[in-house]
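Reading through the structure tokens given below for one structure.
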Amino acid sequence: MNLFAPFQRTLDMTTSQHCRASALASAIFALILATGAATAGAQTMHQPVKQPVKQAVQRKAFVKPSAEELKKKLTPEQYKVTQEEGTEAPFHNAYWDNHAAGLYVDIVSGEPLFTSLDKYDSGTGWPSFTKPVEPANLVEKTDRSFMSVRTEVRSKLADSHLGHVFPDGPKPTGLRYCMNSASMRFIPVDKLEAEGYGEYVKLFNKH
């Protein structure tokens with residue numbers, strides 16, 4: 001007769017219960033881990049994607065087009081004025097009486113030339129300015145045509161004929177930059193940022 005049989009059965013039952021409890025605990029722990037991972041994955045999947053910050057248009061490095069390309073891009077008058085040193089008719093051009101706020105750029109290259117802040121009515125019928133917004137973008141040359149000596153103004157990159165500068169302007173510079181509308185393109189203040197000229201907006205915020 002085995003005197004230890006009752007104790008053995010009790011031990012077997014205890015061990016079996018312990019195993020079942022351990023298995024149950026392991027299953028619960030595995031379920032918790034799986035649920036946590038699924039939740040984390042769902043959170044990751046539903047996290048809002050950060051949108052890239054919209055950048056202002058960047059102006060590209062300028063390479064002057066050929067004469068043939070310019071003839072296609074420009075109107076006949078724009079080509080004659082910028083490439084053949086022509087002069088448009090006074091009082092019958094785009095900007096002589098333009099009073100809107102904005103920036104004037106070279107029609108060929110887009111170089112910033114003048115702003116409306118320095119524009120004034122010279123009574124000549126051409127857009128006139130007391131000073132350029134970027135002096136480095138202008139080149140002055142002696143013009144001896146029409147039996148007189150004048151100072152021609154051209155753009156630096158495009159070498160466009162813009163007009164002439166005279167020493168009869170108002171204060172503070174005493175200069176009159178008499179330009180051809182056909183040599184320029186006007187960009188309103190509210191379009192500067194979109195067209196890549198955002199750095200000039202601050203000039204108008206001061207006024």
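The table below lists the values:
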{"quantity": "Number of positions in region 111-125 that are in contact (Cβ under 8 Å) with a residue 40 or more places away in the chain and farther than 22 Å from K206 by Cα", "calculated": "3"}
{"quantity": "Pick from region 70-103, criterion assigned to a helix (DSSP H, G or I) and either at pLDDT below 95 or of a type in the set (A, V, I, L, M, F, W, C) (or both), ranking: surrounded by the most Cβ atoms within 10 Å (Cβ to Cβ)", "calculated": "V81"}
{"quantity": "Region 162-207: number of residues that are surrounded by 16 or more Cβ atoms within 10 Å (Cβ to Cβ) and basic (K, R)", "calculated": "2"}
{"quantity": "Considering residues of region 126-161 that are touching a strand residue (DSSP E or B) at 6+ places or on another chain (Cβ under 7 Å), touching a residue at least 60 places away in the same chain (Cβ under 8 Å) and under 16 Å from E85 (Cα atoms) only, the residue surrounded by the most Cβ atoms within 10 Å (Cβ to Cβ)", "calculated": "S160"}
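The values are calculated or read from the model by the stated rules, or taken from the named source; none is laboratory data. Just so we're clear, the structure is a prediction, and the values are computed from it rather than from any experiment. Note that we place each Cβ from the backbone using ideal geometry, even for glycine, and neighbour counts take in every protein chain shown.
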